[in-house]
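See below for the structure under consideration.
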Amino acid sequence: MKSNSIRSTRIVAKTTVYTVCIFLSLLSLFPFWVMFMNATRSTFEIQQNSIGLWPSKFLVSNWNVLTGKSFNPLVGFSNSMIISSGATLCAVYFSSLTAYALVAYSWKLRQPFFTFIMAVLMIPAQVSSIGFYQFMYRIHWTNNLLPLILPAIAAPAMVFFMRQYLLATLPLDIVDSARIDGSGEFYTFNRIVLPIMKPAIATQAIFTFVLHWNNFFLPLILLTNKDKYTMPIMVSLLRGDIYKTEYGSVYLGLSLTVLPLFVVYFLLAKHIIAGVALGALKE
Amino acid sequence: MHRKSISYAKYGYIFSIPFVLTFLVFSLYPLLYTVVIGFTDLRGIGVKELHFLAQPFENFKLILNNPSFRKALFNTGFIWICNFIPQLSIALLLTAWFTNRTYKVKAQGLFKVLIYMPNIITIATIAILFHTLFGYPKGPINDLFMMLGLIEKPINFHIQTGTARGVVAFVQFWIWYGNTMIVLIAGVLGINPTLFEAAEIDGATPRQIFFRITLPRLKTIILYVLVTSMIGGMQVFDMPKLFLLGGPDNATLTTSVFIYNQAFAGSYLFNRAAAASMVVFAIIAVLSVILFQILRDKDAALHRKWEKAEQRHRRAEAKEAAV
Amino acid sequence: MVRKIGFVVSLILLVCIGLPLFATGTTETAAAGPKVINLWSFTDEVPKMLDKYKELHPEFDYEIKTTIIATTDGAYQPALDQALIGGGADAPDIYCAESAFVLKYTQGDMANYAATYKELGIDVDNLLKKADIAQYTIDIGSNERGLVGLGYQATGGAFIYRRSIAKAVWGTDDPAVIKTKIGPGWDKFFEAAAALKAKGYGIVSGDGDVWHAVEGSSEKGWVVDGKLFIDPAREAFIDISKKLMDNGYHNDTRDWTDAWFADMKDANPKKVFGFFGPAWLINYVMAGNSGGTKPGEGTYGDWAVCEPPVGFFWGGTWVIANKNSPVKDAIAKVIEWITLDSSTTGLQYFWANGTLAGPGGTKDTVASGTVMKMSDGSLPFLGGQNMFDVFVPAGQFATGRNKHQYDETINIYWRDQVREYTGGNKSRAKTIEDFKQLVLDNLALPIK
């Protein structure tokens, strides 16, 4: 009798677990599903019934309406690509280098420098945005992609992460034996240390890329030339189209911005999630 | 050998130069600049000259007495709480389920992938998507609720304080609970499994195991999640800005949206925006100090291990050299 | 795992390397021909005009680079301001400003960037006379340096109503009769609202419709002597709005939202009698949302215009040139063609007669009196009525006196607060107090 009741409570419990999990999964999917489907439906269809579970056949006409309103997704896409990949390269390379400096060498200011990095770890760029804007305005760097890329060289949080990773994985013997073989320090870092850091770099690269891809605040205040617009800025323009509500194209515009993220995410989902977990443990 | 290892110290400095330079130019200088602007009369567009105010703290006084700013602070906190409590609760619940050794939830990987997904999507897109989804009188959510019989007539989500804030808080929750869950699961997996085995042998129920063993050991991680979430919460911008522009009646005006509005969407009150930024900065700084303490404690442990290994290494080296 | 990531990363890198090449390729071609005009606008109206201009003048070989940002949510102004300040090759050469904020660019904070039409080499004095441009257009577009901006439209407003509903309620759809039913004055308007309600109709769609009439009919603007001022006519909007709401005289829609557009084609259960608006509202908004393209379809053809209960004007686009523009000669030609050419090949003639994109296009009232005399405003959408009969006299209500450079921002605050009041969330006094506070907090405008 007892084992029976335990079994039945377990069945109830398991049913609850699965129901909740399925519900939450649907909660993640539903908005995007509606978005993708509505991107293929006409404004009229959407106004009749705004939840379409299956695609319709107005993708092309929505595309034409969208691009007809000076919405050029290719420009936004390529700018976002340049910024995100540039920033990612800068961030992972120089953070690894700085972390290596913190781990492999004993220098007098090492500990103070590291304490400093920890202290500025969470200072967000946003609080200094007024000064940043005025600074960029004075040196005529507004409408330039560089102020959105170069600051990534100094990424305290990533330095911190990379340092923790190196502490856990880098055998100092390797560095020493490289020295004995006559390898220069810089060469050692590039050819021996960086490959060791590959897993850490890969996860950090993904997150940095996504972070910059999604960045909205700084591009919003810095970029006014539509040839320099990033994807999120283009998206923000979809909010207001005074003379007509072209819902199908709005959904299409939204879909275009997230499509690349979806592709990358579902290709790399496992690693991304492992990366989140790794980050949690390291920090 | 010994002589050589000393001479390498300079590389520590050399390799840190790019970081330090970039930090000075792109972080520290703008930060100090912002501080300075907070004490000046810099307002209006195209103005370049800075004049310090006769009463240096005038901007700060104005900002702290500014009802909109106070409301923004309140909103920011309120929206954060409304998002964080369910975020942590659901994340903990899922963590308990996914790490439960008797449930052995199948398709965990898939669930994690789907639940985490909103975290990587552009928030600007999500904001506008939700603006559209919650449309009135026709919109997917209204249609769905009507279909399910939850409501009789469409709700205008955009003009009521409660629903507007609710949607913003929900989106913040929805974006972040997957992340929190994965962090917490990683924390549980880091706990020594023999503890769970021992508890099971002692006949502890899953509930007891979770509250007596798992939860206490997650304390640091939860604290970490809490503080980082608060720091992030202080800066929420994309969602309230693009969802309803801080409205209705400033119900979703967060501090970041306030600062943006002061500086870029009206009379270009850069000085006041800078002062407001500094107030926000002060709050974040306090939170950062707490975070610093958490991380330092954890780091100290890791570092001790490393120092020991390094010492061993050097000793071996010295021995080798001696031989 | 690492290999898979490596693959994706290298794929991304490949794209990244490829795209900048592609991107630089395009900018290089743009740089090769320096003949670029940067045009900033908040609708596609002016961009389309430039297309037409190029078509009419094949020798005009400038490339037009258009940036369109909608004014909804106030996104246009900050972007335009920063583009002007930023300067350089990407700075706007021609930019458009709407009546709600044009003063900022002609007389206010940003006026320094505007070139006078004389600087551009346009023979302003003669052309103004010849074209007989509406005086308010000139007033709004002038500062102490001279004329810096002109509009191409005349935006005097009318009441645009449904013929079938008029017949059902008053037995006639004659504009001469209907104008005596809904006006003059708000009292008559509410009498009409009650009569309509008795038959199950709403008089307007939402409070936004009434707002533009109220705003345009007020004596003074939001700012008097550098201080916030609430004109009695504008303050009365609170009560008008509340009355409409409490009596269920409208569908409580918000202008420029789905529900508002829906009322133009009877898509809401309670049908709506009419809208307040200038000629452009008919053509650019209502016609496209009427659910039809010829009489008999949707509400198309079932509309008429008459004098509104209070005279007002709403909207209008002014065209301004950047004084730092390197292509002044070219933009002078374009601007003259848009704002001052009163011939049959000038923009305004096409605009008034709806022939910009071929015959049968949308008609509008224009700034030039000379052109208006030559044009015909009868529309199938209005059941054949000549709308100019109503809109031309309505032009007298258009004035620059009650405008201010921050109108757009202040209007948003005011209307949001009034909504709070009509929604029952606030008392009347608190509504006004909060409104003043918002203006003070965000624009640093003291209260008069």
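The values are calculated or read from the model by the stated rules, or taken from the named source; none is laboratory data. What you see is a predicted model; the values in this text were computed from it and never measured. Glycine also receives a Cβ, built like all others from the backbone with ideal geometry; neighbour counts cover every protein chain displayed.
Here is how the numbers come out for the structure above:
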{"quantity": "Residue in segment A:194-204 that is assigned to a helix (DSSP H, G or I), crowded, with 21+ Cβ neighbours inside 10 Å and within 11 Å of chain B (Cβ to nearest Cβ) present", "calculated": "no"}
{"quantity": "Those residues of segment B:117-166 which are of a type in the set (Gly, Ala, Ser) and more than 8 Å from chain A (Cβ to nearest Cβ), in sequence order", "calculated": "B:Ala127, B:Gly149, B:Gly162, B:Ala164, B:Gly166"}
{"quantity": "Residues of segment B:143-175 that turn out to be modelled with pLDDT under 95, buried (at least 19 other Cβ atoms within 10 Å of the Cβ) and of a type in the set (Phe, Trp, Tyr), as a count", "calculated": "1"}
{"quantity": "Top-ranked residue in segment B:246-298 [being among the aromatic types (Phe, Trp, Tyr) and facing another protein chain (nearest Cβ under 7 Å); ranked as farthest from B:Asn75 (Cα to Cα)]", "calculated": "B:Phe292"}
{"quantity": "Those helices (runs of 4 or more DSSP H) lying entirely in segment C:102-178 with at least 1 residues touching a Phe, Trp or Tyr at 6+ places or on another chain (Cβ under 6 Å) and touching a residue at least 40 places away in the same chain (Cβ under 8 Å)", "calculated": "C:102-106, C:124-131, C:163-170"}
{"quantity": "Qualifying residue in segment C:420-432 (condition: closer than 30 Å to B:Gln262 by Cα and touching a Phe, Trp or Tyr at 6+ places or on another chain (Cβ under 7 Å))", "calculated": "yes"}
{"quantity": "Residue identified as hydroxyl-bearing (Ser, Thr, Tyr) and under 27 Å from C:Gly87 (Cα atoms) among B:Thr22, B:Thr76", "calculated": "B:Thr22"}
{"quantity": "Boolean, C:Gln135 is surrounded by 19 or more Cβ atoms within 10 Å (Cβ to Cβ) and under 24 Å from the mean Cα position of the chain (by Cα)", "calculated": "no"}
{"quantity": "Filter pass, B:Ile213 being within 26 Å of A:Ser25 (Cβ to Cβ), in a helix (DSSP H, G or I) and either more than 15 Å from the chain's Cα centre (by Cα) or more than 9 Å from chain A (Cβ to nearest Cβ) (or both)", "calculated": "no"}
{"quantity": "Single residue of segment A:159-169 satisfying the filter (aliphatic (A, V, I, L, M) and facing another protein chain (nearest Cβ under 10 Å)) that is surrounded by the fewest Cβ atoms within 10 Å (Cβ to Cβ)", "calculated": "A:Ala168"}
{"quantity": "Filter pass, A:Thr224 being crowded, with 24+ Cβ neighbours inside 10 Å, outside any helix (DSSP H, G or I), polar (S, T, N, Q) and out of contact with any Cys (no Cβ under 8 Å at 6 or more places or on another chain)", "calculated": "yes"}
{"quantity": "Only listed residue being surrounded by fewer than 23 Cβ atoms within 10 Å (Cβ to Cβ) and either of a type in the set (Asp, Glu) or under 30 Å from C:Pro308 (Cβ atoms) (or both), chosen from C:Gly108, C:Gly141, C:Gly156", "calculated": "C:Gly108"}
{"quantity": "Matching residues, segment A:108-120, being in a loop (DSSP other than H, G, I, E, B) and either of a type in the set (D, E, K, R) or facing chain B (nearest Cβ under 7 Å) (or both)", "calculated": "A:Lys108"}
{"quantity": "Some residue of segment B:40-60 being among the polar types (S, T, N, Q), assigned to a helix (DSSP H, G or I), within 13 Å of chain A (Cβ to nearest Cβ) and under 28 Å from A:Met162 (Cα atoms)", "calculated": "no"}
{"quantity": "Within segment C:40-61, tally of residues that are touching a helix residue (DSSP H, G or I) at 6+ places or on another chain (Cβ under 6 Å), crowded, with 21+ Cβ neighbours inside 10 Å and over 19 Å from B:Ala265 (Cα atoms)", "calculated": "1"}
{"quantity": "Count of residues meeting criterion [assigned to a loop (DSSP other than H, G, I, E, B), under 21 Å from the mean Cα position of the chain (by Cα) and without any contact (Cβ under 8 Å) to a residue 40 or more places away in the chain] in segment A:121-166", "calculated": "4"}
{"quantity": "Sole exception among (1) of a type in the set (Ser, Thr, Tyr); (2) part of a helix (DSSP H, G or I); (3) under 27 Å from C:Val102 (Cβ atoms) for C:Ser205, by number", "calculated": "(2)"}
{"quantity": "Flag if C:Trp260 is out of contact with any strand residue (DSSP E or B) (no Cβ under 9 Å at 6 or more places or on another chain) and within 14 Å of chain B (Cβ to nearest Cβ)", "calculated": "no"}
{"quantity": "The listed residue being in contact with a helix residue (DSSP H, G or I) (Cβ under 8 Å, 6 or more places away or on another chain), of a type in the set (A, V, I, L, M) and assigned to a helix (DSSP H, G or I), out of C:Ala213, C:Ala262, C:Ala267", "calculated": "C:Ala262"}
{"quantity": "Of all residues in segment C:62-99 being within 21 Å of C:Leu147 (Cβ to Cβ) and more than 12 Å from every other protein chain (Cβ to nearest Cβ), the one that is surrounded by the most Cβ atoms within 10 Å (Cβ to Cβ)", "calculated": "C:Ala97"}
{"quantity": "Residue within segment A:79-101 that is buried (at least 21 other Cβ atoms within 10 Å of the Cβ), modelled with pLDDT of 90 or more and not assigned by TED's automatic domain parsing to the domain that holds A:Met197 present", "calculated": "no"}
{"quantity": "Residues being within 12 Å of chain B (Cβ to nearest Cβ) and in contact (Cβ under 8 Å) with a residue 40 or more places away in the chain - total across segment A:215-228", "calculated": "7"}
{"quantity": "Long-range neighbours under 7 Å by Cβ, at least six apart or interchain, first residue farther than 16 Å from A:Gly279 by Cβ within segment B:177-197, second surrounded by 14 or more Cβ atoms within 10 Å (Cβ to Cβ) and not basic (Lys, Arg)", "calculated": "B:Tyr177/B:Gln87; B:Tyr177/B:Ile90; B:Tyr177/B:Ala91; B:Ile191/B:Thr214; B:Leu195/B:Ile213; B:Phe196/B:Ile209; B:Phe196/B:Ile213"}
